[in-house]
Each structure stands twice: as C-alpha cells, then as structure tokens.
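Visitor: Have a look at the structure that comes next, please.
The values are calculated or read from the model by the stated rules, or taken from the named source; none is laboratory data. No experiment lies behind these values; they were computed from the predicted model shown. Positions of Cβ are generated from backbone atoms using ideal geometry, with glycine treated the same way; all protein chains shown enter the neighbour counts. Just so you know, the surface numbers come from the protein's heavy atoms only, side chains and all, with ligands and any DNA or RNA stripped out. Shrake-Rupley method; radii C 1.70, N 1.55, O 1.52, S 1.80 Å.
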Amino acid sequence: MTDFLMLPLAALPFPAIDPVALQLGPLAIHWYGLGYVVGILAGWWYARRLVSNERLWADGKPAMTVTDLDDFVLWAAIGIVAGGRIGYILFYDLPRYIANPLDILAVWEGGMSFHGGLLGVTLAMLLFARKRGINAWSLFDTISAVVPIGLGLVRVANFINSELWGRVTDVPWAFVFPNGGPEPRHPSQLYEAALEGLVLFVVLRLLTHKGLRLKMPGFVAGAFVCGYGLSRIVVEFFREPDAHIGYLAGGWLTMGMVLSLPMVLVGVWAMLRARAAAR
C-alpha cells in the first residue's frame, strides 16, 4: 500500500496501449500511421471551411476553391510522407539506412522528420500553386492553419509508441517508459502535442478568424513556421536526443534545435514581409 501511494510522486504508470490500433488479418493499422491519415483528412476538412468563409479573405474572394483543395490532398500526402521519410534518413540516421536500404520502406515503424515533411509539402505546394495559378503564399497560409491538427495527433501516437521520450526527471507527472530504462522521464511527446498541436492551432485560429490575417498572404504561414520553431526549441530542453546523435555541443544543443532555429527566423521574415506588402 505504501509503494502504491508513493507511485504518483515518483512516476506515473505508463498506459498499456497497443501500438497497433486495429488488426485485420495480416494487416496491422498502427496508431502512428492512423495519426497521419486522420491528420491529413481532418486538415483537409478544416481547410475547406477556411476557403468557404469569404469573410476571411481580401475583398471577400478566397484565393482558391474547394475543388483545388480536394485535388491537393494527394499532393500533400505524398509531400509529407516522402519528405518526412527522406528528411529523417538524411538528418537523423543516414548510416543505418545506407547499411539497410530496405528499412527505408518501413515507414510504419516510425522514423519521420517534421522538418523533412515541411520541405516536402512546401515543394508540393509550390508546384501545385504554379500549376493552378494560385497565390503560393495564400496556399501556404491555408495549409499552415491546419497542420497543427496532424502534429498533435502524431505526437500523441509517439507517446503511445513509447518513442521520442524525454529526459530523466523527478517531476510528479513523469513516466517510466517501457523501453526508456528504469528512470522516470518527461512525457515530451505530450508537451509537443500541447504546444505544436493545441496551442499553435488556437493561435493560428485567432489569426485567421479574429485578426483576419488571411488577407495578408504569408502572415499565417510565417506565424506557423515561427511558432513551431519556438515550440520545438522549448521542448528540446526536455526531450532526450536520439542516442546515435546525442548532443551536438555543450550538453544541451540538439539537432532539433539546429533545424528549428532557421524556422523562427524565416517565420519572422515572412510575417514582416506580409505586413509590408499589405500597406
């Protein structure tokens, strides 16, 4: 009884959730993959609502049509998955995949980089906007406003998978992860889900619906990129760096910080550019 009462002060019990959400014969549907699918579909639905609301756009004219967004879903999915996978391979674990090239295809096992996914979907947006004659900045804004939905879901899936856990800590909400050793650790995946998902979504929602920033092409996209970069840098102080990379300098600098700092600067530049263009 004493040990049970002391447990919440040391660490919370890790929830026994099967990483496989649904098993259909030989087909296993993982929460991780489901997070991507639901995130893309929910983002598509929300983006359609944004372009259907004429009040949000300059002169009451949305920069694209609902049909454009319907057609972009496949482009977005390819950009996110291909970019995320290639980014993880190049930024985080290149030697492993050179030694085992077939592992590149095992996306269901995890191993996706947000920064790579961002580059992939940005390229997809540039190509699609050029093909359809859409203002690329407005397409960036629309997609940026919905991305936090998928980010939050995938970070929760990271928690369920007991991966990307945090550093050792004695905070009362720490968890002992099944594959993270015996020490209690920060649930950094949930920190990211809260900051990159919920908080960032609310901020962007206020910008689109209260601040009417979709009327300034590029502002919402800049706010997203800057907001994500800041959120990721903050969480990196609580997140355990990848074992095969470790700290890059000083016992605190991580690859996630290095990749996120340019995002903050680019995001600030995009917002300033959007404000100047609107004058």
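Visitor: Could you please find all residues in segment 126-174 being open to solvent by 20 Å² or more (accessible area, probe 1.4 Å) and of a type in the set (Asp, Glu)?
Guide: GLU163, ASP170
Visitor: If you don't mind, there's one more thing I want to ask. Take MET216 and tell me if it is within 28 Å of ILE89 (Cβ to Cβ) and crowded, with 17+ Cβ neighbours inside 10 Å.
Guide: Judged against the criteria, MET216 is not a match.
Visitor: Taking helices (runs of 4 or more DSSP H) that do not extend beyond segment 122-210, which have at least 1 residues that are acidic (Asp, Glu) and touching a Lys or Arg at 6+ places or on another chain (Cβ under 7 Å)?
Guide: Per the criteria, 188-192.
Visitor: Just need a number here: residues in segment 260-276 that are open to solvent by 40 Å² or more (accessible area, probe 1.4 Å) and closer than 22 Å to ASP93 by Cβ.
Guide: Matching residues across segment 260-276 total 2.
Visitor: Right, here's the next one. Please work out which residue is most open to solvent (accessible area, probe 1.4 Å), limiting yourself to segment 238-259 and to residues that are without any contact (Cβ under 8 Å) to a residue 40 or more places away in the chain and touching a Leu at 6+ places or on another chain (Cβ under 9 Å).
Guide: Top of the filtered list is TYR247.
Visitor: Now, a different point. Here is a check on your reading of the model: is LEU230 surrounded by 14 or more Cβ atoms within 10 Å (Cβ to Cβ) and touching a residue at least 40 places away in the same chain (Cβ under 8 Å)?
Guide: no
Visitor: Between a residue in segment 140-159 that is touching a residue at least 24 places away in the same chain (Cβ under 8 Å) and any residue that is aromatic (Phe, Trp, Tyr) and part of a helix (DSSP H, G or I), which pairs come within a Cβ distance under 6 Å, given they are 6 or more apart or on different chains?
Guide: SER144/PHE224; VAL146/TYR46; PRO148/PHE201; ALA157/TRP31; ALA157/TYR32
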